[in-house]
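Quick note: the coordinates plus some simple rules give every number you see, no bench work behind them. The structure displayed is predicted, hence computed values, not measured ones. Using ideal geometry, Cβ is built from the backbone for each residue, glycine included, and neighbour counts are taken over all protein chains shown.
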Amino acid sequence: MIREIRDLFYKLVQRRRLVPSLQNKHGGLRYQLPELRYGDGTPLSQASCFVPQQRGLDSYEPVLIGRSTLSDALSGPELLKDVIAILALLEPDDYVQYTMAYYQEGLRRFGDRWRYADITTALLGLSRLIQPESYLEIGVRRGRSLAMVAAVCPDCSVVGFDLWKENYAGMPNPGPEFVRQEISKVGHRGKLELIRGNSHETVKQYFREHPNAYFDLITVDGDHSLQGAAEDLVDALPRLKIGGAVVFDDIVHPQHRYLYDVWQHFTEEGNRFTTWEFDELGYGVAVAMRKF
């Protein structure tokens, strides 16, 4: 009965909703954002959902993980130490060396009192929490974030998308074969599919070719333009399993402050997600778990 009432409410909201738009506070322009559409029959992410043995007893949403659980699982000194250990297995670049030094200094000065989170802690914590069997990543680059998932879930099936531009952000960006070598260093043995090209084309093509593909865990860290980030979320979110989690990076990046607005626009609508954000230090990171 609770589920029927919720579905009716959501349909009424959808019926009244206009095509969404977002005010860009920094440029005074209005951007028309794509509309987010969900289909029926989305599978459950088994590790994070409860399914009663007796049919009809489904008063609650099936997802067992809420904001408090996410907060405890996605930040903290022990998690940071494990991130450092995984990064030490990979070939470093200037940014990785900088972030490792940043983590270590925070831990040295403040010990167990220090709280910090970013895309690496979020993905490592989520991988331990929900044990994903399938993972999609938009914005792979050198494989740093992907390694967090692969280290915890070596049999996870992974699909990654990136342009692999040379010298991205002024640093070497060798490409898919380099990423394969990096991920092998953390013991990954599952399927790894790396797709090169513009995500606004390749992700859509992938889902056309795999109409039944759904994922336990998704990262969106590709195009950082307002319209581009929105399009990546619109493409990816409907393919997130119920009980699955999506990670969205750089929500308070000084050059892309509108990303927080984009994130809230798509994840707060209709109460479909439980969200958690860290915006106190660094560039920030956001996580949402799909409830239905």
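Residues whose amide H comes within less than 5 Å of that of Val252, counting only those at least five positions distant or on another chain, are Gly284 (H built at 1.01 Å from N in the peptide plane). Entry note, the chain: the mean residue ellipticity at 222 nm calculated from DSSP H runs of n ≥ 4, each adding -39500 (n - 2.57), is -11500 deg cm²/dmol after division by the residues and rounding to the nearest 500. Taking amide H positions as modeled 1.01 Å from N, with prolines and chain starts lacking one, the residues under 5 Å from Ile218 and 5 or more places away or on another chain are Leu136, Ala245, Val246, Val247. What would the Debye formula give as log10 I(q)/I(0) at q = 0.15 Å⁻¹ for the alpha-carbon point model of the chain, no solvent? Debye output, listed in q order: -1.24.
Among Phe215, Phe207, Phe278, the ranking by other beta carbons within 10 Å of each residue's beta carbon, starting with the fewest, stands as Phe207, Phe278, Phe215. Across the chain, the longest run free of exposed loop sites, meaning trypsin sites (Lys or Arg not before Pro) lying outside DSSP classes H, G, I, E and B with no more than 11 other Cβ atoms within 10 Å, spans 56-164. Annotation for the range 35-112: GluC sites (Glu not before Pro) lying in DSSP loop with at most 15 further Cβ atoms inside 10 Å of their Cβ are Glu35.
Here the range 164-195 is scanned for amide nitrogen atoms under 15 Å from the site 7 Å beyond the Cα of Gln255 along Cα-to-Cβ, giving 165-172.
Amide H contacts of Leu192 (H built 1.01 Å from N, in plane; Pro and chain starts excluded): Val158 sit under 5 Å, all sequence-distant by 5 or more or on other chains. Only helices at least 18 Å long along their own axis, judged from Cα atoms, and with Kyte-Doolittle mean hydropathy of -1.0 or greater: name those in the chain from DSSP H. Long hydrophobic helices here: 2-16, 94-110. Shown in residue order for the range 44-52 are the 3J(HN,Hα) couplings computed by the Karplus curve 6.51 cos²θ - 1.76 cosθ + 1.60 at θ = phi - 60°: 8, 7, 4, 5, 10, 10, 10, 10, x Hz (x for Gly and Pro). The alpha carbon radius of gyration of the range 140-292, expressed as a multiple of 2.2 N^0.38 Å, is 1.02. Rg and Dmax over the alpha-carbon atoms of the range 43-178 stand at 17.6, 57 Å.
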